[in-house]
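None of the figures in this text is laboratory data; all of them are computed from the coordinates on show. Worth saying up front: this structure is predicted, and the values here are computed from it rather than measured. Heads up, the Cβs are rebuilt from the backbone with ideal geometry, glycines too, and the neighbour counts pull from every protein chain shown.
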Amino acid sequence: MFFLATFLLLWLKYGLSQDATMIFTSRIILQLLVTGAIMGTAYAAWNIGIIQGNMTLLATASYFTPVLSAAFASLWLGVALTPAFWQGVVMVCAGSLICWWFTRRA
């Protein structure tokens, strides 16, 4: 439902705006298909993890999702990641490990 609502609202916003016409090339269509496949696979893996997986491990691993997402996006877009980004990565990973340490079962 979230993706459907987002899809509808963004197309409505685009339709009501004065933005330039979108141009779809084969490269752009390929990027859309690859991105959609990656997102679909990620959500499928998440659902399998929720149903069959270790919830503590899944919750801990979910802290790394924004880091991996940003790193992948920087590669895809050709943007260099700054030292401040990597400092944030270390803090997110440390926080994830601290949460895991205090929530694990003895």
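Could you tell me how many of the residues in segment 1-17 are part of a loop (DSSP other than H, G, I, E, B) and over 21 Å from the mean Cα position of the chain (by Cα)?
Number satisfying all stated conditions: 1.
Could you say which residue among 48, 29 is within 30 Å of residue 104 (Cα to Cα) and over 15 Å from the mean Cα position of the chain (by Cα)? Reasoning before the result, please.
Values: 29 fails: within 30 Å of residue 104 (Cα to Cα).
Matching residue, one of 48, 29: 48.
Need at least 3 residues that are of a type in the set (A, V, I, L, M, F, W, C) and either exposed (fewer than 12 other Cβ atoms within 10 Å of the Cβ) or in contact (Cβ under 8 Å) with a residue 60 or more places away in the chain (or both) per element, so show me which helices (runs of 4 or more DSSP H) inside segment 18-86 make the cut, counting only ones lying wholly within it. If you could, list the steps in order and put the result at the bottom.
Details: elements: 26-52, 55-62, 65-77.
Counting at least 3 such residues, we get 26-52, 65-77.
Just to be sure before I move on: is residue 60 polar (S, T, N, Q) and within 21 Å of residue 45 (Cα to Cα) in the structure I sent?
yes
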